[in-house]
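Below you'll find the structure, written out as structure tokens, and then a few comments.
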Amino acid sequence: MDRLLIENKERDILILHIAFTVLCMVMLMVPLGLPIGIRLFALVVIYNLAIPGIGLWLKHNDWVDLWLFVFPFSLFMVLPDWFLCSGLGVLVYPEDSFIKIGPIPVYMAFMWTIPLILIILAGKQVQKHISQRTAYICVATVSLLIFGVAEQTMWALPSWSSQNVMIINHWAVYLVIPEMLLGLSAYIAYEKIKYKTILKKAMTAFLIMLLFWFNLVFFYFFVEKVLLGLQIL
């Protein structure tokens, strides 16, 4: 019975993400006459309603628990993005007349749930079927893959893009390690606080956001000022 329940959860989460991928393709590729900001906002709201809503409906309580961790985390991530825009001037969003939090489009406050859920679920699957050590390798790899694909595609919508930094194929070099560490730290943190209170989840999410912010600043300085300053890169 437990094995059947696990298989059903895996099937359901796969179906949900396939359906969401199709919806994204329709919303973003079909000319609907709507600004990209509105379309992205609609997509991230749908996703953030679908995960806990369908999870409750199908009694997949682990979906809801995971969402309760990544949702506040996504809200907190507005802060480092704001710093990159207004503090360092290395991140830019298009002027699409959509609602913004400072310089950050409001859809970004909800968007981080998508990659983090995928990364953490991938790690959990590998941990369950193979080993914990392999799960860490998987999480690091999936983090690089997901964030790398995002950096390669989101600028073309257009959504965000990097500027005034070393960029390879639209991916700012200083972001590579912080984004990989973000996936790893979120996965490890969730393993420690799953099924804990919402307050503990929010506090942990805030700490992981601060760690990511620190990594951004450190690797920006190291890549842009040290390595490029010494002409090592």
Worksheet item: Of the residues that make up the stretch 106-127, is at least one surrounded by fewer than 18 Cβ atoms within 10 Å (Cβ to Cβ) and in contact with a strand residue (DSSP E or B) (Cβ under 9 Å, 6 or more places away or on another chain)?
Response: yes
Fill in: Total residues in the stretch 128-144, condition within 18 Å of Glu10 (Cβ to Cβ) and crowded, with 16+ Cβ neighbours inside 10 Å
4
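So is Glu191 in contact with a Lys or Arg (Cβ under 9 Å, 6 or more places away or on another chain), of a type in the set (D, E, K, R), over 17 Å from Phe76 (Cβ atoms) and surrounded by 13 or more Cβ atoms within 10 Å (Cβ to Cβ) or not? Steps first, please.
Numbers: in contact with a Lys or Arg (Cβ under 9 Å, 6 or more places away or on another chain): yes; of a type in the set (D, E, K, R): yes; over 17 Å from Phe76 (Cβ atoms): yes; surrounded by 13 or more Cβ atoms within 10 Å (Cβ to Cβ): yes.
Yes.
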Worksheet entry | Condition met for Thr197 (under 27 Å from Lys128 (Cβ atoms) and surrounded by fewer than 13 Cβ atoms within 10 Å (Cβ to Cβ)) | yes
Fill in: Residue that is surrounded by the most Cβ atoms within 10 Å (Cβ to Cβ) [pool: residues in the stretch 48-64 that are in contact with a Phe, Trp or Tyr (Cβ under 6 Å, 6 or more places away or on another chain) and in contact (Cβ under 8 Å) with a residue 40 or more places away in the chain]
Ile51
Worksheet item: Pick from the stretch 70-93 the residues that are out of contact with any Ser or Thr (no Cβ under 8 Å at 6 or more places or on another chain) and not in a helix (DSSP H, G or I): which of them is surrounded by the most Cβ atoms within 10 Å (Cβ to Cβ)?
Response: Met77
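Inspect the stretch 223-232 for any residue being touching a residue at least 60 places away in the same chain (Cβ under 8 Å) and farther than 19 Å from Val78 by Cβ and give the result as yes or no. Outline the logic, then answer.
Going residue by residue through the stretch 223-232, those that are touching a residue at least 60 places away in the same chain (Cβ under 8 Å) are 228.
From what is left, the residues that are farther than 19 Å from Val78 by Cβ are 228.
Yes: the stretch 223-232 contains one or more residues that are touching a residue at least 60 places away in the same chain (Cβ under 8 Å) and farther than 19 Å from Val78 by Cβ.
Bear in mind these aren't lab numbers, they're just calculated from the coordinates by the rules spelled out. What you see is a predicted model, and the numbers here were worked out from it, not measured in a lab. Note that each Cβ is placed from the backbone with ideal geometry, even for glycine, and that neighbours are counted across all protein chains shown.
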